[in-house]
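Asks: Okay, handing you the structure first.
The values are calculated or read from the model by the stated rules, or taken from the named source; none is laboratory data. Just so it is clear, the structure is predicted and the values come from calculations on it, not from any experiment. All Cβ positions, even for glycine, are placed from backbone atoms using ideal geometry, and neighbour counts span all protein chains on display. These accessible areas exclude ligands, DNA and RNA; they are computed on the full protein's heavy atoms, side chains included. Shrake-Rupley method; radii C 1.70, N 1.55, O 1.52, S 1.80 Å.
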Amino acid sequence: MRHALTCLMALTAAALASPSHQADPQSTLAARVMTLTRASSWKLAASVPIRFVTHHPQGMVKIGQTLYVSSVEIKMPTRRWPHPVDGYDRDTGEGAGHLFKIDMAGNLIADLKLGEQTIYHPGGIDYDGKNIWVPVAEYRPNSRSIVYRVDPASMKATAVFRFADHIGAIVHNTDDNTLHGVSWGSRRFYRWTLGHDGQVTNAATPPEKLRTLNTSHYVDYQDCKYVGRRRMLCTGVTEFRQTLFAQPFRLGGMDLVDLHDGRPLHQVPVLLWTAGGLDMTHNPVWIEPTATGLRGYFMPEDDKSTLYIYDVETK
């Protein structure tokens, strides 16, 4: 009897220590983001020079001690037209899409090319525990995109679906197996359903019937992550100019967004800038919980990038 009771207690302790009984990191992350305010004090923990040309970074996920960063290489910038042509305000330009695999010392491990022809602009990316989701679009609004699923171990990409709008960031809602995308400037939201075979069931639905409008105009989302319970955490920037030709003031921030209706649950500025004046949330961002709060990984600069790592206490 005593032996049986001892075994039962050991099994109970093991069950309580199992992952199913531990705090969900996504829920912990979202809960701590909800406590951030304009007065939250972010402290620099490290600055890591990236040891290769990064082009124009867009999205970032961190898996273990490895970073995956999407980036657009601009070979010929787009040119605006004086009047719209076929519904577009500019030409396609020329470029190449990349998904970089980087170690924490800033060294390049692998470089996966993504896109085709005029579709070369990767956006904000998400990791669902198995795959990285990467949208690649034409470098102009109201255009077209290919959404890829990437195996981070093999760095092999699978084109999942194509869509007739510019998708600037995407998340995988693993609670109801849907994908959620934001358009150029994050003015529109899209929701796609995934079937049991992993294919999108409503990709052929016309964009105007599938979209909803973003009711928030605080920041334009650059990078988004799914954080559980049908919510996504988006980071981005808005620029202010007092006059047409004045230098912009850039304010970065983050929104915790309810995917049911697209409305923000919590909005907070991130009052951090580089020495050159770029806001930290200008491009790729990864946020993770720590023992006492949150740690943010930021890569705001083009070409010669630095990975800035900041900590903020939330307890």
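Asks: Between the helical axis of 2-17 and the dominant principal axis of the chain, each derived from Cα atoms, what acute angle in degrees is found, rounded to the nearest 10?
Replies: Approximately 10 degrees, to the nearest ten.
Asks: Using a 1.4 Å probe, what is the accessible area per residue for the chain, in Å²?
Replies: Numbers: 15390 Å² over 315 residues.
On a per-residue basis, the chain sits at 49 Å².
Asks: What is the distance in Å between the Cα centroid of the range 214-252 and that of the range 268-290?
Replies: Between the Cα centre of the range 214-252 and that of the range 268-290, the gap is 11 Å.
Asks: Exactly which chymotrypsin sites (Phe, Trp or Tyr not before Pro) in the range 223-315 are in a DSSP loop and have at most 13 other Cβ atoms within 10 Å?
Replies: On the way: sites: Tyr226, Phe240, Phe245, Phe249, Trp273, Trp286, Tyr297, Phe298, Tyr308, Tyr310; in loops: Phe245.
Here the sparse-neighbourhood loop sites are Phe245.
Asks: Taking the chain as a Gaussian network, where each spring joins two C-alpha atoms under 10 Å apart, which residue of Asn173, Asn283, Asn107 fluctuates the most?
Replies: Highest fluctuation of the listed residues: Asn107.
Asks: In debye, nearest 20, what is the charge dipole magnitude of the chain about its Cα centre with +1 on Lys and Arg Cβ and -1 on Asp and Glu Cβ, if you could check?
Replies: Values: 33 positive and 31 negative charges, 76 e Å.
Taking the Cα centre of the chain as origin, the dipole is about 360 debye.
Asks: Could you name the aspartates and glutamates whose alpha carbon sits less than 15 Å from that of Lys75, not counting residues in the same chain fewer than 8 places away?
Replies: Hits, sequence-local ones excluded: Asp91, Glu94, Glu116, Glu138, Asp302, Asp303.
Asks: Please identify, among Ala157, Ala169, Ala110, the residue showing maximal mean-square fluctuation in a Gaussian network model of the chain using a 10 angstrom Cα cutoff.
Replies: Its mean-square fluctuation being the largest, the pick is Ala110.
Asks: Could you order Asp176, Asp258 by accessible surface area, starting with the largest, using a probe radius of 1.4 Å? Don't skip to the end; give the middle numbers.
Replies: Values: Asp176 55, Asp258 35 Å².
Putting Asp176, Asp258 in descending order of accessible area: Asp176, Asp258.
Asks: Further question on the same structure: Just want the answer: with Cβ charges of +1 for Lys and Arg and -1 for Asp and Glu, which residue in Phe52, Gly276, Thr314 is farthest toward the dipole's positive end in the chain?
Replies: So the residue we want is Thr314.
Asks: At 7 Å along Cα-to-Cβ for each site, give me the label-to-label distance between Gln199 and Trp81 in nm.
Replies: Label at Gln199, label at Trp81, 3.5 nm between them.
Asks: Roughly how many percent of the accessible protein surface of the chain is carbon and sulfur, given a 1.4 Å probe and a whole-percent answer? Present the calculation step by step, with values, prior to reporting the outcome.
Replies: On the way: 8340 of 15390 Å².
Result for the chain: 54 percent of the exposed heavy-atom area is carbon or sulfur.
Asks: Sort largest first and round to whole Å: the equivalent ellipsoid semi-axes of the chain, each the square root of five times a Cα gyration tensor eigenvalue.
Replies: Values: eigenvalues 227, 114, 79 Å².
After diagonalising the Cα gyration tensor, the semi-axes are 34, 24, 20 Å.
Asks: Sticking with this structure for a sec: For Asp89, what charge total do you get from the other residues with a beta carbon under 9 Å from its beta carbon, if Lys and Arg give +1 and Asp and Glu give -1?
Replies: Working: positive: Arg80, Arg90, Arg140; negative: none.
Summing Lys/Arg as +1 and Asp/Glu as -1 gives +3.
Asks: Please give the direction-averaged projected area of the C-alpha convex hull for the range 120-224, in square nanometres with one decimal.
Replies: Working: hull surface 26.2 nm².
For the range 120-224, averaging the hull's shadow over all directions gives 6.5 nm².
Asks: Here's a follow-up. Name the most mobile residue of Ser305, Ser40, Ser70, meaning the one with the largest mean-square fluctuation, in a Gaussian network model of the chain with Cα contacts below 10 Å.
Replies: Taking springs between Cα atoms under 10 Å, the residue moving most is Ser40.
Asks: Now for a separate question. Counting helices only, and only those DSSP H runs with n ≥ 4, report the 222 nm mean residue ellipticity of the chain as the sum of -39,500 (n - 2.57) divided by its residues, in deg cm²/dmol to the nearest 500. List each step's numbers first, then the result.
Replies: Details: 3 runs with 29 residues, N = 315.
Here the helix-only value at 222 nm equals -2500 deg cm²/dmol.
Asks: Same structure, new question: The range 106-120 to the range 39-102: how many Å between their Cα centroids?
Replies: Answer, in whole Å: 11.
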